[in-house]
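The values are calculated or read from the model by the stated rules, or taken from the named source; none is laboratory data. Note that the coordinates shown come from a computational prediction; the quantities given were computed from them, not determined experimentally. Here the Cβ positions follow ideal geometry from the backbone for every residue, glycine too, while neighbour counts run over all protein chains shown.
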Amino acid sequence: MPSCRRLAVAAAALFLACTAHAAPPPTPTLKPGLWLLRMQPDDPAVAARLRELQARLKDAPPQLRQLAESMLQQQGAAWAGGDSVHLCLGAADLAGGGWTGAPRGGACTTTVTPGAGGARFHTRCTAPVPSDTEGEARFLDAEHYTLGTTTTVTTGSGTRTVRASGQASWLSAGCGELGR
């Protein structure tokens, strides 16, 4: 008859062997609809430049503002004020990593690697400005998640890396004017 100690060790080994290859817990299914994404650059100088750009756009001629708004709307997005944007995310957008906030369309590709309670992602854009973004999301529930990103942008004047963190909250099932 095996000793109690041997039996306990064997049971623990069997438990560890069975759970070591178990899939991570499923991530919550995010709700499709209108989302508020608030991203804050970690560098105060970058945050100040973004605020300045937003102020200049606000004071720009109406045609220029409408052009910028139209470009955002084609991406299913709209400025929500300050450091926030509204995103209209359908089920296909969510499944394809649209929750990352990456631009949509042929110039950008996003690869998502799901993990326990979140996901890592990489987005590469070739136009209008070449960039690479590495990020990580934590899905808190079906209506909330957090993001951390590191984006490297390459322009004629050199390469710049920007780190940002943010939060997203689901607002409604309908997207209003952003609906596609």
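Based on what the data block shows, is ALA168 of a type in the set (Gly, Ala, Ser) and under 15 Å from the mean Cα position of the chain (by Cα)?
For ALA168, the condition - of a type in the set (Gly, Ala, Ser) and under 15 Å from the mean Cα position of the chain (by Cα) - is met.
With respect to TRP79, is the statement that it is modelled with pLDDT under 85, farther than 19 Å from GLU143 by Cα and not basic (Lys, Arg) true?
Against the criterion (modelled with pLDDT under 85, farther than 19 Å from GLU143 by Cα and not basic (Lys, Arg)), TRP79 qualifies.
Tell me which residues, restricted to segment 85-119, are of a type in the set (S, T, N, Q), at pLDDT 85 or above and either surrounded by 17 or more Cβ atoms within 10 Å (Cβ to Cβ) or out of contact with any strand residue (DSSP E or B) (no Cβ under 9 Å at 6 or more places or on another chain) (or both).
THR110, the sole residue that qualifies.
Output the residues belonging to segment 48-73 that are in contact (Cβ under 8 Å) with a residue 24 or more places away in the chain and farther than 19 Å from GLY166 by Cα.
GLN73, the sole residue that qualifies.
Here is a yes/no grid of residues against (1) free of Cβ contacts under 8 Å to residues at least 40 places away in the same chain; (2) out of contact with any helix residue (DSSP H, G or I) (no Cβ under 6 Å at 6 or more places or on another chain); (3) farther than 25 Å from GLY156 by Cα; (4) not β-branched (Val, Ile, Thr):
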{"position": "SER84", "(1), (2), (3), (4)": "no, yes, yes, yes"}
{"position": "ALA95", "(1), (2), (3), (4)": "yes, yes, yes, yes"}
{"position": "TRP99", "(1), (2), (3), (4)": "no, yes, yes, yes"}
{"position": "SER131", "(1), (2), (3), (4)": "yes, yes, no, yes"}
{"position": "GLU143", "(1), (2), (3), (4)": "no, yes, yes, yes"}
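Kindly indicate whether any position in segment 150-157 is at negative phi, at pLDDT 90 or above and touching a helix residue (DSSP H, G or I) at 6+ places or on another chain (Cβ under 9 Å).
So far as segment 150-157 goes, no, none of its residues is at negative phi, at pLDDT 90 or above and touching a helix residue (DSSP H, G or I) at 6+ places or on another chain (Cβ under 9 Å).
Quickly run through segment 108-124 and pick out the residues that are touching a Gly at 6+ places or on another chain (Cβ under 9 Å) and not β-branched (Val, Ile, Thr).
ALA119, ARG120, PHE121, HIS122
Got a sec? Which of GLN40, GLN63 is under 20 Å from the mean Cα position of the chain (by Cα) and modelled with pLDDT of 85 or more?
GLN40 is the lone residue from the list that is under 20 Å from the mean Cα position of the chain (by Cα) and modelled with pLDDT of 85 or more.
Taking the residues in segment 82-124 that are among the β-branched types (Val, Ile, Thr) and under 11 Å from the mean Cα position of the chain (by Cα) as candidates, determine which candidate is nearest to GLU143 (Cα to Cα).
Only one residue fits best here, namely THR100.
Return the residues of segment 120-137 that are part of a strand (DSSP E or B) and either out of contact with any Phe, Trp or Tyr (no Cβ under 8 Å at 6 or more places or on another chain) or surrounded by 15 or more Cβ atoms within 10 Å (Cβ to Cβ) (or both); say none if nothing qualifies.
ARG120, PHE121, HIS122, THR123, ARG124, CYS125, SER131, ASP132, THR133, GLY135, GLU136, ALA137 - these are the residues of segment 120-137 that are part of a strand (DSSP E or B) and either out of contact with any Phe, Trp or Tyr (no Cβ under 8 Å at 6 or more places or on another chain) or surrounded by 15 or more Cβ atoms within 10 Å (Cβ to Cβ) (or both).
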